[in-house]
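Notes follow once the structure below has been shown.
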Amino acid sequence: MLTGVTDGFFCCLLGTPPNAVGPLESVESSDGYTFVEVKPGRVLRVKHAGPALAPTPPPPPPLDAAQGDRSGLVRCQRRITVYRSGRLLVENLGRAPRADLLHGQNGSGEPPAALEVELADPAGSDGRSNPGSAGSGSGGRRRRARRPKRTIHIDCEKRITSCKGAQADVVLFFIHGVGGSLAIWKEQLDFFVRLGYEVVAPDLAGHGASSAPQVAAAYTFYALAEDMRAIFKRYAKKRNVLIGHSYGVSFCTFLAHEYPDLVHKVIMINGGGPTALEPSICSIFNMPTCVLHCLSPCLAWSFLKAGFARQGAKEKQLLKEGNAFNVSSFVLRAMMSGQYWPEGDEVYHAELTVPVLLVHGMHDKFVPVEEDQRMAEILLLAFLKLIDEGSHMVMLECPETVNTLLHEFLLWEPEPSPKALPEPQPEPPEEKK
């Protein structure tokens, strides 16, 4: 505690945060990491591992004639209507696949036929009541019909297949959140590499061993999203699976929206609801950097209490070593104030047609379970799994459970939809004798 206060005092005098991480010059590392320069002076550490990147296996045998080419095909039909009053109507017009192989799911694989919700912050809303809206007008006057502000039609077919280890066209991307690093995925990376998967896990800018620019604009959502786009384009193959935790879920959503043909499945761990990002005005992270540095021991203890269901020796040692959580006060403040993404609202999420697995630790004090439940309602193909023993850092607390859920979802594919049978033709009338 005394060291943190002393460093904070010198930070106030000198105007610079202590222990600032400078740009990295190396590109390759002997310990299995790669340093990728996403733009001049901006270098990210990336863990890229797999089964020695084996050669491409032979193509699969042709499909059975009776099955045709309908294996894994899902028809995505949806109509999204946004009204001027701030109401959102989502109509599911097709048949969604059930998650039959995901046994023990807490949520149903069948979305409701229609879902009407109120946007968290409707665009163009000025707080005044709309004429013709519910609750306005007298009882004897006819209610004016609601006019939609815009309507979005989704009608496409997606092929969702089982992603198995050692398949050369499958890559798993792991994206961490604020204050973490790729080290939080250690149990998952080791597990899936042993199963033969190719994995990619970057450190966000200012986190882990990535470079840490001393400019707040380097940590906005858009700057970090472009970093993840560069990493994705570098390593992506035909079938890519995005796994995000907390703030990292937003980058997975961004990539899935930008590259619908390349993103095969998405896994969201304690990611929160489908609402647009906006930094909080009344937040402790709005304090000066030097004050945050003085409070860093208290912040670390608060995170331990809120981020883990239990505060045992394992969790304390994790924070003490600083391998998974080691970020400067300047970067932490810039990350929290840079979470501005107005496009990522309910409509943005409702447009996704990729299957999504939602994992939520029930002891999470950062993300209420209601937010993930709302996300499951908005998404077209979403399956929610609740882990009773986990909290916000559920992948560290319950690695075996999380690994099993993730692997089941990777192997899952929908049952082939039966081909439409031709309508029976009416028999010709019998000739009269």
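The values are calculated or read from the model by the stated rules, or taken from the named source; none is laboratory data. None of the values given here were measured: they were computed from a predicted structure. All Cβ positions, even for glycine, are placed from backbone atoms using ideal geometry, and neighbour counts span all protein chains on display. When the accessible area is computed, the model is the full protein with side chains, heavy atoms only, and any ligands, DNA or RNA have been set aside. Shrake-Rupley method; radii C 1.70, N 1.55, O 1.52, S 1.80 Å.
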Non-local Lys pairs in segment 158-411, i.e. 8 or more apart or on different chains, that have alpha carbons under 19 Å apart: 19
Nonlocal amide H pairs with ILE175, under 5 Å, H built at 1.01 Å: ILE243, GLY244, HIS245
Karplus (6.51, -1.76, 1.60) ³J(HN,Hα), θ = phi - 60°, over segment 152-166, in Hz, Gly and Pro reported as x: 10, 10, 10, 8, 8, 10, 10, 9, 10, 10, 6, 9, 9, x, 6
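When only DSSP loop residues count, what GluC sites (Glu not before Pro) in segment 321-361 have their Cβ near at most 13 other Cβ atoms within 10 Å? Don't skip to the end; give the middle numbers.
Details: sites: GLU321, GLU343, GLU346, GLU351; in loops: GLU343, GLU351.
Answer in residue order: GLU343.
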Residues whose placed amide H lies under 5 Å from that of SER391, excluding near-sequence neighbours: ALA309, HIS363
Share of carbon and sulfur in the accessible heavy-atom surface of segment 158-411 [1.4 Å probe, %]: 56 percent
Surface accessible to a 1.4 Å probe, per residue, for the residues of segment 158-411, Å²: 36 Å²
Table column - 3J(HN,Hα) (Hz), segment 188-195, Karplus curve with 6.51, -1.76, 1.60, x for Gly and Pro: 6, 4, 4, 4, 6, 5, 4, 7
Placed amide H near CYS76: partners under 5 Å, 5+ positions off or other chain: CYS156, GLU157, LYS158
Pairwise Cα inverse-distance average, inverted: Kirkwood Rh of segment 158-411 (Å): 18.4 Å
Phi to ³J(HN,Hα) by Karplus 6.51 cos²θ - 1.76 cosθ + 1.60 over segment 364-374, Hz, x for Gly, Pro: 5, 9, 8, 10, x, 5, 4, 5, 5, 5, 5
